[in-house]
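The values are calculated or read from the model by the stated rules, or taken from the named source; none is laboratory data. Everything numeric in this text was worked out from a predicted model, so none of it was measured. In this analysis, Cβ positions are derived from the backbone assuming ideal geometry, glycine residues included, and neighbour counts consider all displayed protein chains. Surface areas here come from the heavy atoms of the whole protein model, side chains and all, with no ligands, DNA or RNA. Shrake-Rupley method; radii C 1.70, N 1.55, O 1.52, S 1.80 Å.
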Amino acid sequence: MVRIAVDLNRCQGYAQCAFLAPEVFAMHGEEALLYDPEADEAQGEKLAQAAAACPVQAVVVDAVDASAEAVPGDR
């Protein structure tokens, strides 16, 4: 799993993330950004490119080891 955070106070709606990773990011109108905060690891490279392309560096992508986050006895 890849965890995504977008600082919506910083985001200016340039939509570079939506262009580079449309499976995760989408623009709603001209300024509102919609995104899946927990994307599939298969999107990792696209997400890294999307974060790097953001002109205001509003996108943060962090790989998460799902097994490390599992709660003991939660099966």
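Assorted remarks:
- Considering residues of region 58-75 that are exposed (fewer than 12 other Cβ atoms within 10 Å of the Cβ) and in a loop (DSSP other than H, G, I, E, B) only, the residue modelled with the lowest pLDDT: Arg75
- Residues of region 6-56 satisfying the condition of being part of a strand (DSSP E or B) and open to solvent by less than 50 Å² (accessible area, probe 1.4 Å): Val6, Phe25, Ala26, Ala32, Leu33, Ala39
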